[in-house]
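Notes for the one structure printed next.
What follows is calculated from the coordinates using simple rules that are stated; it is not laboratory data. Just so it is clear, the structure is predicted and the values come from calculations on it, not from any experiment. FYI the Cβ positions are ideal-geometry reconstructions off the backbone, even for glycines, and counts take in every protein chain you see.
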Amino acid sequence: MTEIKHLNNEKKGAFEIYFDGKKAGEMTYTWAGDDKFIIDHTEVDEAYNGKGLAKQLVHAGVEYARKNGKKVIPLCPYAKVTIARNVELQDVLA
C-alpha cells in the first residue's frame, strides 16, 4: 500500500511516497512565481523499482496543480517524459 505526503513552503516542495510505511522515493519542485512550479527531481529507491511509484508521484504533482490552479514546468527528465506520454496530464503544462 502506498501513501503520498506533500511538503510545501514558499520556495520549494516535495511529494514523498511511502510503501508499506517506509519512504520509497520523492519528487521535488521549486516555485517559479505564485502560479507555477518546476519539477526538478524524481527518485525512487532501487528496492521499489517496477512498482509505478515514480509515476504516482508525477500524478500527485499534476493533481495538486489542477486543484490549486497552478501550472507545471517539468525539468526533471522522468517527469517530462511521463507528462509527454500521457495526454491527460498535459493540461497543467506552463
Here the net charge surrounding T28, from other residues whose Cβ is less than 11 Å away from its Cβ (Lys, Arg +1; Asp, Glu -1), is -3
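Considering only DSSP beta bridges whose two residues both sit in region 2-92, what percent are antiparallel, to the nearest 5?
On the way: 22 of 26 bridges.
Beta bridges within region 2-92, antiparallel portion: roughly 85 percent.
Multiply the residue separation of Q90 and K5 by 0.36 nm, subtract the distance between their alpha-carbon atoms, and state the gained length in nm to one decimal. Walk me through the intermediate numbers first.
On the way: separation 85, 0.36 × 85 = 30.60 nm, distance 2.26 nm.
Here the answer is 28.3 nm.
What order, most packed first, do the peptides 10-17, 44-51, 25-32 have when packing is the mean number of other Cβ atoms within 10 Å of each residue?
In descending order of packing, they fall as 25-32, 10-17, 44-51.
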As straight-line cross-link partners of K36, the qualifying lysines (C-alpha separation under 19 Å, not fewer than 8 residues apart within one chain) are K11, K12, K67, K70, K71, K80
Between the Cα axis of helix 53-68 and the main Cα principal axis of the chain, the angle (0 to 90°, nearest 10) is 30 degrees
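Based only on Cα atoms, what Rg/Rh ratio does the chain have, Rh being taken as Kirkwood's radius?
0.95
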Rounded to whole angstroms and listed largest first, the alpha-carbon spread of region 33-87 along its three principal axes comes to 36, 19, 18
The relative contact order of the chain, taking Cα pairs under 8 Å that sit 6 or more residues apart, comes to a percentage of 22 percent
